[in-house]
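Enquirer: I have a structure I would like to understand better, so I am pasting it below and will then ask my questions one at a time.
The values are calculated or read from the model by the stated rules, or taken from the named source; none is laboratory data. Computed from a predicted structure; not experimentally measured. Every residue, glycine among them, receives a Cβ derived from its backbone with ideal geometry; neighbour counts consider all protein chains shown.
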Amino acid sequence: MQTKIGIYGMNGHQIGDLKHDRACIVAAACCGQEWDGVKTYNFLEEMIADPEVDMISLCSPRRADQARQAVACMEAGKHVFAEKPCAMSIKDLDMIIETSKHTGKIFHEMAGTAFSEPYASMRDLVVQGIIGDVVQVFAQKSYPYHDGRPQDENIDGGLIEQAGIHAIRFIEHVARQKIVNVSAVETSYSNPSKGGLQMAASIAMELENGGVASVISNYLNQKGFGRWGNEHLRIFGTLGFIESVDAGSKTRLIIGDEDRGSITIKNSGPSFLDMILDQIQKGASPPLSIEDELHPTRVVILAKESAVRGCWVKI
């Protein structure tokens, strides 16, 4: 059995090069290119009407429109896999969740961070209680600046919602701590275009268990680093701490007075897309409930609100 996918837009990490024995691309709209054997449509609405399409992968040209488009896809009987942020307002986010539930159609954001390594193994250590109770989390997400970065946040979601969401997922999906309050500041200082693009953000958070967390996110990663994304994650517990630095290339586990060195990486499990296909094809349970998967999206929406208003915001 193969799930037949339609792809819309190329504004993000698209799956246009998909090679999978259980899924194939059969249609595309607004992608700016063509693939052999793939039907091409001028508009999303035309592709939604294609009865052959089971799921639509959304990388919408304008991210602010994506929530409405996701709802339209589900209302038409299509499952949806959406680039982040899937929504840019709490109202739109709730609309996605409600539509998925009342239509019975599967919705996922491209939220596989915690299921890739070394983060999946870090999450397992946290769940096992190896570092004790989590007290503080530090997370970083840095991308490089380039002239193609939109000055209008409605195009890709902006720094906090487009990049910072990865770091928020580290906190909620890897450290397994729900965020309940958030405060953020951001700056456009160093923006070469002097437009609306924010270049750096700092986010402070209170956790449901009484702990705290902080995130830095920016467009200041440099070519000399050698990787597109520059990620750090440190999780401090009552018994020790665990960390991943330099885009996941180095890990370390400290328990009390014992340096255990690099963590053991388990054999790679199924990809996030495989988990989605298991839901569609086998009726498997989702890796996370839709509320838990999209809670980081809720946090970044409210973090952006906090940065604009200059105050703490309750999640």
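Enquirer: Checking A49 against (1) closer than 17 Å to C31 by Cα; (2) of a type in the set (G, A, S); (3) surrounded by fewer than 17 Cβ atoms within 10 Å (Cβ to Cβ), which single condition isn't satisfied?
Expert: (1)
Enquirer: Let me ask you something else. Since T113 meets every condition but one in (1) farther than 24 Å from D259 by Cα; (2) more than 16 Å from the chain's Cα centre (by Cα); (3) β-branched (V, I, T), which condition does it not meet?
Expert: (2)
Enquirer: Something else about it: From the list F170, F115, F138, F107, which one is more than 26 Å from P286 (Cα to Cα) and not β-branched (V, I, T)?
Expert: F138
Enquirer: I've got another one for you. Part of a helix (DSSP H, G or I), under 30 Å from G104 (Cα atoms) and modelled with pLDDT under 95, is that true of L273?
Expert: yes
Enquirer: Next question. Could you run through segment 103-128 and say how many residues are part of a helix (DSSP H, G or I), of a type outside the set (G, A, S) and modelled with pLDDT of 95 or more?
Expert: Count: 8.
Enquirer: Related question: Would you please list the contacts, defined by Cβ atoms under 8 Å and residues six or more apart or on different chains, that run from a residue in segment 257-270 that is touching a residue at least 12 places away in the same chain (Cβ under 8 Å) to a residue that is part of a loop (DSSP other than H, G, I, E, B)?
Expert: I263/P118; I265/E117; I265/P118; K266/E117; S268/E117
Enquirer: Evaluate segment 176-184: report whether one residue or more is assigned to a helix (DSSP H, G or I) and under 18 Å from the mean Cα position of the chain (by Cα).
Expert: No.
Enquirer: Another question, then. Suppose the filter is more than 20 Å from H295 (Cα to Cα), over 22 Å from the mean Cα position of the chain (by Cα) and either in a strand (DSSP E or B) or free of Cβ contacts under 8 Å to residues at least 24 places away in the same chain (or both); does E34 pass it?
Expert: Against the criterion (more than 20 Å from H295 (Cα to Cα), over 22 Å from the mean Cα position of the chain (by Cα) and either in a strand (DSSP E or B) or free of Cβ contacts under 8 Å to residues at least 24 places away in the same chain (or both)), E34 qualifies.
Enquirer: Quick one: W228 ticks every box in (1) in a loop (DSSP other than H, G, I, E, B); (2) in contact (Cβ under 8 Å) with a residue 40 or more places away in the chain; (3) over 17 Å from Y119 (Cβ atoms) except a single one, so which number is it?
Expert: Of (1) in a loop (DSSP other than H, G, I, E, B); (2) in contact (Cβ under 8 Å) with a residue 40 or more places away in the chain; (3) over 17 Å from Y119 (Cβ atoms), only one is false for W228: (3).
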